[in-house]
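All of the numbers you see were taken from the coordinates with simple rules; none came from a lab. This structure is a prediction, so every number in the text was calculated from the model and none was measured. With ideal geometry, Cβ positions are generated from the backbone for all residues, glycine too; neighbour counts draw on all protein chains shown.
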Amino acid sequence: MRVFLCDDNEQYRLLARIVLEPIYEIVGEAGDGVEAIELAPELAPDVVLLDLNMPRLNGHEALPRLRELLPHARLLVLTSGQATDERERALAAGADGFILKPESVYALVGELAAALG
Ligand SMILES: [Mg+2]
């Protein structure tokens with residue numbers, strides 16, 4: 001399973017990589033939506049973990065383009081809250097699901113497995 005990490009928080013990407021790498025193949029990282037769109041075609045991920053709050057181009061704005069570029073990938077949005085309007089907007093833009101950004105990055109393994117299951 002090829003996973004693409006898109007989040008502007010470099011430390012979160014590093015920690016996510018550490019906990020996910022034993023299970024998934026981390027094929028790349030992006031720090032904003034522009035990078036995510038640029039890298040997506042060559043990385044050909046099965047799963048994209050996409051932060052919504054990013055500079056240059058945020059997750060909401062990147063979603064429709066990622067959906068176009070990666071029609072078969074699972075686009076999973078990283079959220080830190082349960083805001084319903086935010087979720088509905090992301091679903092309408094092409095998201096497949098959500099991962100609650102846990103306080104501890106170790107919970108990410110379980111969150112991702114549940115989202116993929
Ligand atoms: Mg962010």
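Remarks
- Relative contact order (percent, whole number), the chain, Cα cutoff 8 Å, 6+ residue spacing: 25
- Using distinct alpha-carbon pairs, which all enter the 1/r mean, Kirkwood radius of the chain in Å: 13.7
- At R0 = 30 Å, FRET efficiency that the Cβ-Cβ distance of residue 18 and residue 44 yields, to 0.05: 0.85
- Over the range 24-64: Rg over Rh, Cα atoms, Kirkwood Rh: 0.93
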